[in-house]
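Written below as structure tokens is the structure these notes are about.
The values are calculated or read from the model by the stated rules, or taken from the named source; none is laboratory data. Predicted model only: the values in this text are computed from it and were never measured. Don't worry about glycine lacking a Cβ; one is built from the backbone with ideal geometry, like all the others, and counts go over all protein chains shown. The accessibility values were calculated without ligands, DNA or RNA, using every heavy atom of the protein model including side chains. Shrake-Rupley method; radii C 1.70, N 1.55, O 1.52, S 1.80 Å.
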Amino acid sequence: MNSLPIIDISPLYTDDASAWQSVAEQIDRACRQWGFFYIKGHPISPARIAQVLDNAQRFFALPVDEKLKIDITQTRHHRGYGAVATEQLDPAKPSDLKETFDMGLHLPADHPEVLAEKPLRGPNRHPDLSGWQTLMEQHYRDMQALAQTLLRAMTLALGIERDFFDTRFNEPVSVLRLIHYPPRHTASSDEQQGAGAHTDYGCITLLYQDAAGGLQVRNVDGQWIDAPPIDGTFVINLGDMMARWSNDRYLSTPHRVISPLGVDRYSMPFFAEPHPDTLIQCLPGCQDDAHPPKYPTTTCAQFLLSRFADTYAYRREQQAG
Ligand SMILES: O=C(O)CCC(=O)C(=O)O
Ligand SMILES: [Fe+2]
């Protein structure tokens, strides 16, 4: 149990039913054993990744005052720039040594859910960089489509209709995040970490990481193992909503980032999360007399807001005041 599976998902894009089923079975096994795996054979081109990465570097290189024009802590719907130490993923460690850009599904000011001030709903806040907005909005849509292809494959083993997730991902709260980890300057990896140990909140996360390395995953024996960058892949992991939906048959596995010494690191997770009102409730096929539901029913928005309040001081302050 020391290296994560690598799954070629290209058959999910063909109409070869038995190859599709074989990929779905590999994904199911990885979800039960690890909650983490790599995918290759996906449709996101290397040129697209290079473009997004290049723009991430361009954005994070701006003066901090410029980035703070879209300060995430000044929003109620969680979009824009998070400066270093805005987030604290591991409460036992100092705040994370990383800066972030978050975007979601762009909803205009006159959308009914925005008018009703529904949490996490609203317009994206993009930096004023040429070509940025069109590229990022397209990338968001493409990552959402890839996430739904993977989720469709998961329905096989979960015993739910093939379109179970598709119907719940109408106007999703999924987040595309760009992260810059400034270099760590001390030899100790135990102090302020790039991203403290945590589990993700949503259904599945699709992570691109650059060549710097530093992502670690806790295996079932409690050891931290490296999840090194592999060219042309995404690292896929499950979040807490999927663990709750599947009654822990699928694992939401702790992971962290130890920033590399002396080099910058860039990564881009896409957190796939359904429509805010979606009920997160134990699936019928994941419970029986020996395995009653472990978690109370919640909604996607309720669950996300409580997790954000755990890791962001600004969210706690907003909720208190
Ligand atoms: O940057 C990474 O490699 C992982 C980031 C992560 O785990 C997260 O943002 O939830
Ligand atoms: Fe994570």
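In region 63-97, what residues are charged (D, E, K, R) and assigned to a strand (DSSP E or B)?
Step one: filter region 63-97 for residues charged (D, E, K, R), giving 65-67, 69, 71, 76, 79, 87, 90, 93, 96.
Scanning region 63-97 gives D71, E87.
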**Report entry** Check on D248, under 19 Å from W34 (Cα atoms), away from ligand 1 (no atom under 16 Å from the Cβ), at pLDDT 95 or above and among the charged types (D, E, K, R)
**Finding:** yes
Query raised in the report: Which members of region 24-55 meet the condition of being surrounded by 15 or more Cβ atoms within 10 Å (Cβ to Cβ) and either aromatic (F, W, Y) or free of Cβ contacts under 8 Å to residues at least 12 places away in the same chain (or both)?
Result: W34, F36, F37, Y38
Query raised in the report: Can you tell which of G194, G214, G232 is touching a helix residue (DSSP H, G or I) at 6+ places or on another chain (Cβ under 9 Å), touching a residue at least 24 places away in the same chain (Cβ under 8 Å) and over 21 Å from E273 (Cα atoms)?
Result: G232
Query raised in the report: Across region 205-235, what is the number of residues that are closer than 28 Å to D142 by Cα, touching a strand residue (DSSP E or B) at 6+ places or on another chain (Cβ under 8 Å) and more than 12 Å from ligand 1 (Cβ to nearest atom)?
Result: 3
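Condition check: acidic (D, E) and in contact with an Asp or Glu (Cβ under 9 Å, 6 or more places away or on another chain). Does D289 satisfy that? Give the steps one after another, and end with the answer.
Details: acidic (D, E): yes; in contact with an Asp or Glu (Cβ under 9 Å, 6 or more places away or on another chain): no.
Spelling it out, it is not the case that D289 is acidic (D, E) and in contact with an Asp or Glu (Cβ under 9 Å, 6 or more places away or on another chain).
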Query raised in the report: Given the conditions (1) away from ligand 1 (no atom under 16 Å from the Cβ); (2) of a type in the set (A, V, I, L, M, F, W, C); (3) open to solvent by 10 Å² or more (accessible area, probe 1.4 Å), and given that L158 satisfies all but one, which numbered condition is not satisfied?
Result: (3)
Report summary line: Reported set for region 20-48 where residues are outside any loop (DSSP other than H, G, I, E, B) and in contact with a His (Cβ under 9 Å, 6 or more places away or on another chain) is F36, R48
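Within region 200-211, can you find the residues that are open to solvent by 30 Å² or more (accessible area, probe 1.4 Å) and touching an Asp or Glu at 6+ places or on another chain (Cβ under 9 Å)? Break it down into steps so the answer makes sense when it comes.
First, the residues of region 200-211 that are open to solvent by 30 Å² or more (accessible area, probe 1.4 Å): 208, 211.
A211, the sole residue that qualifies.
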Query raised in the report: For region 90-114, which residues satisfy the criterion of being loosely packed, with under 12 Cβ neighbours inside 10 Å and more than 30 Å from E191 (Cβ to Cβ)?
Result: P108, A109, D110, P112
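Residue by residue, here is whether (1) within 22 Å of L207 (Cβ to Cβ); (2) crowded, with 19+ Cβ neighbours inside 10 Å; (3) of a type in the set (A, V, I, L, M, F, W, C) holds:
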| site | (1), (2), (3) |
| --- | --- |
| I258 | yes, yes, yes |
| R265 | yes, yes, no |
| A272 | yes, yes, yes |
| L279 | no, no, yes |
| Q287 | no, no, no |
| T297 | no, no, no |
| Q319 | no, no, no |
Requested in this report: Return yes when R152 is within 22 Å of R79 (Cβ to Cβ), away from ligand 1 (no atom under 16 Å from the Cβ), in contact with a Lys or Arg (Cβ under 7 Å, 6 or more places away or on another chain) and open to solvent by 50 Å² or more (accessible area, probe 1.4 Å) and no when it is not.
Outcome: no
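Taking into account only those residues within region 295-321 that are in a helix (DSSP H, G or I) and among the polar types (S, T, N, Q), which is modelled with the highest pLDDT?
Of region 295-321, the ones in a helix (DSSP H, G or I) are 300-311, 313-320.
Narrowing further to those that are among the polar types (S, T, N, Q): 302, 306, 311, 318-319.
Details: Q302: 96, S306: 92, T311: 84, Q318: 81, Q319: 76.
For region 295-321, the residue satisfying everything is Q302.
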